Amino acid sequence: MNMAEPRYKTFYADSFPGREPRVLRAKLLAAIAGLLMCAGALVLLLVGIVTLFRARRLYAAGATALSRAILWIYGVDVQVHGAPPWPEGQVVYISNHTSTLDVFVLVALGLPNTRFFLSGFLRRIPPLGIISTMMGTFFTVPQHRPDDRRRIFARAARVLRETGESVYLSPEGERVTSGTIGHFNKGAFHLATDLGAPIQPFFIDIPPDVDPKRGLDARPGTVHVFVLPQVSTADWRVNDVITNKEHVRSMFLEFQATRGALVCL
């Protein structure tokens, strides 16, 4: 008797209640998406050579098209409530973060003139590392390296002040329970305070029957992105960063409590 199969099925049942595993489908689509990302990275590299790697917005547009193609392959549609148009001028975009799909959904949104923060370990995946680097991504390090994180955020603030670009990053730390809003880290709020740029929050709602969680088995369906009220940082001070981050986190908690009714509208 193969003991691996029962353990896998038990794990899958706990992680994806009401859904049977489709291992072959998941592996096939992951392979197709991987090949598409490799091809996309190669094309962007060639475009980068022609443009002397000075056309970040063009590379970002290519990454947006690539992300939309990958979501299409998986049969995932993204509906945005409250945008476009996206805000004019420099803003700090933030959202919740719950799923492997998030990175593709975020890039597929086509946020105008926007850079991203991304966990540095993802740069080890060659096509993702190439594409994200060409998009001008700021790569972060774990929380247990605070000095390095401060340097990364300080550099990001300098670059963003010079360019006037917007930026996206997720403030959400590790969650102890699936489906909850985790604690918020301070980096996004320090950055918004430093730039004096408003925060534009949005909530990503991935239905359980679509969500691959941290895996690759996304199913066809619709992901909803709800744009929440913009938060002014004009009177924010660094000493109030903890209070401010908790205020913004409360907006996510309040929205999460009512999002089910909104999805059904």
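The values are calculated or read from the model by the stated rules, or taken from the named source; none is laboratory data. Everything numeric in this text was worked out from a predicted model, so none of it was measured. Cβ atoms come from the backbone with ideal geometry, glycine included; neighbour counts cover every protein chain shown. With ligands, DNA and RNA removed, areas are computed over all heavy atoms of the protein, side chains included. Shrake-Rupley method; radii C 1.70, N 1.55, O 1.52, S 1.80 Å.
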Give me the percent of accessible area attributable to carbon and sulfur for the range 128-265, probe 1.4 angstrom.
55
Of the trypsin sites (Lys or Arg not before Pro) in the range 50-102, those whose Cβ has at most 10 other Cβ within 10 Å and which sit in DSSP loop
Arg54
Each label point is 7 Å from the Cα along the Cα-to-Cβ direction; what then is the distance between the points at Arg25 and Glu88, in nm?
4.5
For the range 139-265, compute Rh as the Kirkwood radius over C-alpha pairs and then the Stokes-Einstein diffusion coefficient at 4 °C and 1.567 mPa s; write the answer in µm²/s, rounded to an integer.
79
Answer with one residue from Leu128, Val227, Phe202: the one whose Cα lies farthest towards the positive end of the charge dipole of the chain, charges on Cβ with Lys, Arg +1 and Asp, Glu -1.
Leu128
Over the range 66-207, how many percent of alpha carbon pairs lie in each 10 Å bin up to the one with the longest distance?
10, 41, 40, 9, 0
Quantify, in whole percent, the carbon and sulfur part of the accessible surface of the range 57-117 (1.4 Å probe; protein heavy atoms only).
59
Which of [x] 37, 22, 17; [y] 30, 24, 18; [z] 39, 20, 17 is the computed semi-axes √(5λ) of the Cα gyration tensor in Å for the structure on display?
[y]
About the Cα centre, and with charges only on the beta carbon of Lys, Arg (+1) and Asp, Glu (-1), how big is the dipole of the chain? Nearest 20 debye, please.
780
Probe 1.4 Å, heavy atoms of protein chains only: per residue, the accessible area of the chain in Å² is 53
Only Cα pairs under 8 Å and at least 6 apart count here; give the relative contact order of the chain as a rounded whole percent.
24
Excluding same-chain pairs closer than 8 in sequence, count the lysine pairs in the chain whose Cα atoms lie under 21 Å apart.
4
Paramagnetic reach from Arg123 in the range 147-169 [backbone N under 18 Å; point 7 Å along Cα→Cβ]:
147-160, 168-169
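Would you please name the GluC sites (Glu not before Pro) within the range 131-202 that are DSSP coil residues with at most 11 other C-beta atoms within 10 Å of their C-beta?
Glu174
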